[in-house]
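In what follows, a structure is listed as structure tokens, so that the remarks can point back to it.
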Amino acid sequence: MPSVSNKAAVAAAAEPKVVNVFADGRILLGSQPVSLDVLTQQLTAAREQTRRLTVLVRGDRNATHGRMTDVYDACRRAGISEVAISVKVDGQRR
């Protein structure tokens, strides 16, 4: 039977990684600013720890399509197959 610490590890693994993309092009992984290369590296390392890693990309309504595509490409290069998208429109996430 799994111990409490194993349950905590499984629960933590189920949490998606959150990537925020701002209108000015900045990218945050969680609360840390990252470049596209660092984003790819950190997502690759996280995927190696959690095979079914999900990434939630939250884009500002005014983020450019090109910047969002760059972030999706970074996820793909990291081997992430489950990417969810959330866009802020009129102050609400959708």
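The values are calculated or read from the model by the stated rules, or taken from the named source; none is laboratory data. Keep in mind that what you see is a predicted model, and the values were worked out from it rather than measured. Accessible surface is based on the protein model in full, side chains and every heavy atom, while ligands, DNA and RNA are left aside. Shrake-Rupley method; radii C 1.70, N 1.55, O 1.52, S 1.80 Å.
Quick one: 3J(HN,Hα) in Hz for the range 25-37, Karplus 6.51/-1.76/1.60 with θ = phi - 60°, rounded, Gly and Pro as x.
Along the range 25-37, the couplings run x, 5, 10, 10, 9, x, 10, 9, x, 9, 8, 4, 5 Hz.
How much accessible area per residue does the range 24-69 have, in Å², with a 1.4 Å probe? Working shown, then result.
Numbers: 2920 Å² over 46 residues.
Each residue of the range 24-69 exposes 63 Å² on average to a 1.4 Å probe.
Tell me the volume per residue, in Å³, of the convex hull enclosing the alpha carbons of the range 30-87.
Normalising the Cα hull of the range 30-87 by residue number yields 79 Å³.
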